[in-house]
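Below: one structure, written as structure tokens.
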Amino acid sequence: MNYVYRAKDFDFYHTWTYHMLDPDDAQAFLFVYDDTDTFIAIPLLKRAIPETTLFDCSCVYGYSGPISNVCFSEISGEFMANFKRAFMGYLRKEKIVTVFSRLHPFFYQTPLITEFSNVFDNGKVVVIDLKTSIENQRASYNSRMLRKIKQLRKLGYYVKESETSADVENFAAIYNSNMLRLNASLSYFFNVKYFQSLLNSTEFDARLFLVYNKNNYPVSGALIVCTNKIMQAHLLGTRTEYLSDSPAKLLIDEVTVFGRELGMSYYNLGSGLGFKEDSLFRWKRNFSSLTLNYKSWRFVADQVQYDALMCEKNIDRNLDVDFFPLYRLETKNI
């Protein structure tokens, strides 16, 4: 955390607490190259490749990528080359075949990552600019969206920040029921302890907001995290029987008011499912036309072992599917 706090740009996705909450059976670590004046670090999750003595690295759910105490655009080519040489040596020593990391759409990390190649464009995220006035923000909403938000208020829906254990349990039930409805893989389900750990962390500022109907019944909620003027819509859910009313629209609008009170500059709504420009992405675009490019790093550190794993799994290297590493494809639940 000393390195994270010293970084010029970082988000809660880089923190120790968030890495330790990752549900996968993986070892969290921070690789650091430091010469006293400048450092480059990257947090990753080291995973054993089943039925082998090999490993690969992935990242936490969200946006992480490398950090430094200096802008990557200002770091010398020599220093980045030294980082690459040290990192490659570590990968060879640890028998790590591939590295996957989602890059942060707000941070300029590509000067370093392009030293390794394999930077992929993965779509866009929708962002609300909180530096503008709330009046200008709402004026930019889709007209039907704005009318719906006003209607929700007239129907008695309201939003408030939640802090009690009962509130957390309600949100956990709402969120996980959403995942069941979407037939999501197990990695998208979280227990009450996970939510409590996020909200109780001293490494970042996590908040829970719930939408209540006129009978004071919680029907929708969002767990947001504020770090360095960026507010992330980390997890959001709505009770199935209230989806037709779409209380999440009111929730997003009210959270931006709270974000301004905290001095946040941006509210990242994220993208569509699998970062595609789908119906969810278009729904988010009703709030803002501002989008940022999202990229991922998909690096093969040991081509020989990678090819062998692909051959063993009988997977075509030219398979047209947005997934990495491909040798893990058969274990993915869609």
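The values are calculated or read from the model by the stated rules, or taken from the named source; none is laboratory data. No experiment lies behind these values; they were computed from the predicted model shown. No Cβ is skipped: glycine too gets one built from the backbone with ideal geometry, and neighbour counts run over all protein chains shown. Only protein heavy atoms, including side chains, enter the accessible area calculation; ligands, DNA and RNA are left aside. Shrake-Rupley method; radii C 1.70, N 1.55, O 1.52, S 1.80 Å.
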Discussion item. List the strands (runs of 3 or more DSSP E) inside the stretch 27-123, counting only whole elements, that have at least 1 residues being free of Cβ contacts under 8 Å to residues at least 40 places away in the same chain and either surrounded by fewer than 20 Cβ atoms within 10 Å (Cβ to Cβ) or not acidic (D, E) (or both).
Written reply: 27-34, 39-48
Fill in: Hits in the stretch 291-322 (condition: loosely packed, with under 15 Cβ neighbours inside 10 Å and assigned to a loop (DSSP other than H, G, I, E, B))
K313, N314, D316, R317, N318, L319, D320, V321, D322
Practice prompt. Give the residues of the stretch 157-181 that are open to solvent by 70 Å² or more (accessible area, probe 1.4 Å) and either in contact with a strand residue (DSSP E or B) (Cβ under 8 Å, 6 or more places away or on another chain) or closer than 19 Å to K249 by Cβ (or both), sorted by residue number.
Written response: Y158, K160, E163, R181
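Of the residues that sit in the stretch 263-274 and are out of contact with any strand residue (DSSP E or B) (no Cβ under 6 Å at 6 or more places or on another chain) and either part of a strand (DSSP E or B) or more than 29 Å from V99 (Cα to Cα) (or both), which one is modelled with the highest pLDDT? Give the steps one after another, and end with the answer.
Filtering the stretch 263-274 for residues out of contact with any strand residue (DSSP E or B) (no Cβ under 6 Å at 6 or more places or on another chain) gives 263, 265, 272-274.
Those still in the list that are either part of a strand (DSSP E or B) or more than 29 Å from V99 (Cα to Cα) (or both) too: 263, 265.
Working: G263: 95, S265: 98.
Top of the filtered list is S265.
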Item to complete: Would you confirm whether any residue within the stretch 232-242 is closer than 24 Å to R102 by Cβ, at pLDDT 95 or above and not basic (K, R)?
Response: yes
Worksheet entry | Residue check, S177 out of contact with any helix residue (DSSP H, G or I) (no Cβ under 9 Å at 6 or more places or on another chain), part of a helix (DSSP H, G or I), touching a residue at least 60 places away in the same chain (Cβ under 8 Å) and on the phi < 0 side of the Ramachandran plot | no
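Sort through E330, E277 and tell me the only one that's modelled with pLDDT under 85, in a helix (DSSP H, G or I) and surrounded by fewer than 18 Cβ atoms within 10 Å (Cβ to Cβ). Give the steps one after another, and end with the answer.
Working: E277 fails: in a helix (DSSP H, G or I).
Going through E330, E277 in turn, the sole match is E330.
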Worksheet item: Looking at (1) at pLDDT 95 or above; (2) more than 21 Å from S296 (Cβ to Cβ); (3) out of contact with any Ser or Thr (no Cβ under 6 Å at 6 or more places or on another chain), which is the only condition T98 fails?
Response: (2)
Worksheet, complete the sentence: Per the list (1) open to solvent by 10 Å² or more (accessible area, probe 1.4 Å); (2) aromatic (F, W, Y); (3) at pLDDT 95 or above; (4) farther than 21 Å from T114 by Cβ, residue check on F12 breaks on (1)
